[in-house]
1. Check A:247, A:227 and return the single one that is touching a strand residue (DSSP E or B) at 6+ places or on another chain (Cβ under 6 Å) and either crowded, with 19+ Cβ neighbours inside 10 Å or at pLDDT 95 or above (or both).
2. Please state which one of B:42, B:8 is loosely packed, with under 15 Cβ neighbours inside 10 Å and part of a loop (DSSP other than H, G, I, E, B).
3. Among the candidates C:5, C:44, single out the residue that is in contact with a helix residue (DSSP H, G or I) (Cβ under 6 Å, 6 or more places away or on another chain) and crowded, with 21+ Cβ neighbours inside 10 Å.
4. Can you tell me how many residues in the range A:115-136 are closer than 19 Å to residue A:20 by Cβ and away from chain B (no Cβ under 14 Å)?
5. Among the numbered conditions (1) in contact with a strand residue (DSSP E or B) (Cβ under 7 Å, 6 or more places away or on another chain); (2) away from chain C (no Cβ under 14 Å), tell me where residue A:40 comes up short.
6. Looking at the structure I just gave you, is residue A:108 surrounded by fewer than 20 Cβ atoms within 10 Å (Cβ to Cβ), touching a strand residue (DSSP E or B) at 6+ places or on another chain (Cβ under 8 Å) and within 24 Å of residue C:704 (Cα to Cα)?
7. Within the bounds of the range A:153-172, is there any residue that is part of a loop (DSSP other than H, G, I, E, B), at the interface with another protein chain (Cβ under 10 Å from one of its Cβ atoms) and over 18 Å from the mean Cα position of the chain (by Cα)?
């Protein structure tokens, strides 16, 4: 379990890093937290010829508010998502879900951007970005562009990033008023890849009916799975128990495509998706009601 | 692990057949194909392919052999490749059926066996990744046959 | 004799060294000019090898040598059969042991084919990618039943089938006993054990001193003496010219017994051939496939009961997966066969097993060593019978216990040590009573549980019993010596892998010599320090080596008393040994230190009397007539979330009898570690093989060991029936914690999910599997 030979560069600025990526493209890999990349290199299933370590570039790990949104540097550690009061206030779903990401030691090193670029369908952060309708800023040597999360995740371990691009920043709109949230998952042991998990957001109108809902699942397909049909079922309706059950059934049976693995059958994943959806919607609804005038 | 699928290609059966049995043509459609050479025409080929998604990739080198050929309806091939610490063996069959003069249906199966470190490490990804790669391949075949693209030589 | 040392909760002598990083492990051995080995392993479980091209690897800078099977010449030999077949009538035994490097055919994924030696491990691994092997894949033998089908592909063609062994053992007459039964239960059970997953993988460093003609080997082995003897024979060296050191080892658990692993025989050979030190450290990916597993058995079992739930007889036919080779003989299936009988009076027993070769990693003992499999079968059948006959689960066990006056109790079959399976001693009912009392069984069942169920909670209780044959022969030896400084040296041949030997052995000596434990230096696992011995396995360290040490210490005590008696001109009866001194009773100022006495026993002038030996030293050996039988009860309260099938263990209790306890603190640690592994076995760990013999979860990401969050606090209590088979009265405890956890989970889970009608007939489980079982049975 030793990596294949590779070159290693530690640029001081994003410009230097981008220049390296322009020069080396596909053969280079960005080293952020290294929590997936380094083990994969040790197993030799990833063999970059160049590792570009961006840990010493200043200004990539900020947490700030700008234009009604939370701006997070791509190098923000997962541990900070868990502990930062601004994140807790403006994106409580993110703060609540962060402790489910692997183990504290991994969260101390692992980064927001690293996890998003890795695009593991079993990971929490891509699901959360989709649920929170985040935008992601990519840069290359020529300039920058914003990509909606929905367009960013292009399937298993695949993103919209070009080989010469680096993900630098994530923008998450503030949580709207009268909105409740919930993140629940079932993992074999704490810190494992979850067998199933769901992020739920529910916004209620003045009458207490659902104005807008969002249900996004992990380990349920090629990437984060947005159960739009189930969410639409809730639109404009009072969230009765019956309706919640119906949404859970719809999402669990029709919208997710779990593959199963050595720990679970796809049928159990569907069963869990339904059970977790009910739990998440009920919790999100209760939290939204607390915000009602 | 058996995966399968079917694809409707809007082209006559002969054209689809010719394309699918031309190693240079299909070489252009295989995701990650780096090199393909003919050892024995219509029989045996040798190639290198970088298999994977995102940054998780393994470079397999190996042989492809056409073991059954029933023009223009059926082809069966066997592939065997090795990568560092791993090996892959594939038996794949394609059946072409005429839908009408301008459309051909391709039903395919692939029995894929991955051995060694990749099997141990990436079992949770194996089914979805191989299915996805196969879909990419046939999608590319469909596009190229339908638009009549020649290999771009990239 | 005072009791200040033996039986006390004394903190471990070795821990300050270990906790401050001072312990020597194999990977710490770093020698000048050392080469590093890496092995090319087969990705296939079964394939012919049609040629190997290693020429490119040899050209790589930093590569020193590349060896295939054909380069080994006469050194290429199958490994030794470590345990010969038992003397059972009608036995079939087809001997097949592993080869150093696969030659014409690979028989399991992970089997080494090529050894590369390079200036660094990095370069050696780079070179593996340069090697081309022409594989011709063959169908793999994976499923035990399909392996025995007449049309199955055969792994070892010269045998003609995949049968490794076939053994029948009987006691009484099951078929006639069955005629009196009011209830006969018949089920198919499957039980799989996992891999040991020791925190330290295997490792070996070999150094050849050409001028001295001496080979030194640092090896993570549990049995250094066997390895020394074996390597000497293979390499054509005198045993006196081979030194094997088993330093601190991060966990043994069985797979590190003297396996003569491929790497273990190749690294010393390469060191001699190249005249340079060679190191190989197994990485975790290798460990999952190259270090032995335990894995599975399928039992078709039947038990006959009378109306009171008494067992009239048991009939069991099972298949045992032995993997591609079987170097350790039949220890695992024999343990399963014998331990099934448990603490119960079973007068009629028919047991038949077939050990089956498969294209999987080799199976050898791992903590419990097949005992789990047998205990699962009998305990499950008792639970099913209790339900059917409407008898309380604890009560049906009580009714079947062997009674205290029945010992020694002869089970009339042969055990793993080839001695008759005779339980030396035991008293099971008090253990059960204590367990029921401590877990609050009756209150829980009658009051707490109905209340919880009314609240919609799913909380279950389990109580299971088991015995463990421990402390088997042949023998161990020890040398105890008082040094001139007054410190005492204890040397024994067994290796140590975390058991606390440096403390428990010191306590035995401290007790005899009146020296505090921290004044005693224990050396284990160095064949130059102690020549003879067997090794650390089968829960035998305390029993066999412990008693040898005790015997040696007794002789030294006698020598001390004799010399001091002459010195003080006082009768021996008036002397006492305490605080490192010999004192004359009632004359507190008249004393001499052991160090001074030791120097007096090795005089500079004058003469040692004829027949006397210099120094205060003795070497003694101990070999028990047969194993001592430990026993115990495990009980647990567990909650299940029926939506997600996640579990939470609320309480876990072990009441255990291993005879005289040397150090309760160390014993608790042994029990805790065993239970943790048992919990892993029951609900987390599973070696997931596909139909091609590929291990699909060869990483800790996917092979789930229980973590500190999954293992609860474990309460322990101890009964004490002394073993009459050794002077200390001790029994082994190494495997006790791990053995009955599977059936305990099964029982508690069935009890928790009371509103579903289902039976658990398999281990391991996980949430998904539990959900499927409950659904399949109409849940």
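The values are calculated or read from the model by the stated rules, or taken from the named source; none is laboratory data. Quick caveat: nothing in here was measured; it's all calculated off a predicted structure. Note that each Cβ is placed from the backbone with ideal geometry, even for glycine, and that neighbours are counted across all protein chains shown.
1. The match here is A:227.
2. Only one candidate qualifies: B:42.
3. Working: C:44 fails: in contact with a helix residue (DSSP H, G or I) (Cβ under 6 Å, 6 or more places away or on another chain).
Just a single option satisfies the conditions, and that option is C:5.
4. 0
5. So residue A:40 meets the others, but not (2).
6. So residue A:108 fits the description; yes.
7. no
Yes or no, residue by residue, for (1) crowded, with 22+ Cβ neighbours inside 10 Å; (2) closer than 25 Å to residue C:253 by Cα; (3) in contact with a strand residue (DSSP E or B) (Cβ under 7 Å, 6 or more places away or on another chain):
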{"site": "C:517", "(1), (2), (3)": "yes, no, no"}
{"site": "C:536", "(1), (2), (3)": "yes, yes, no"}
{"site": "C:542", "(1), (2), (3)": "yes, yes, yes"}
{"site": "C:564", "(1), (2), (3)": "yes, no, yes"}
{"site": "C:569", "(1), (2), (3)": "no, no, no"}
{"site": "C:574", "(1), (2), (3)": "no, no, yes"}
{"site": "C:583", "(1), (2), (3)": "no, no, yes"}
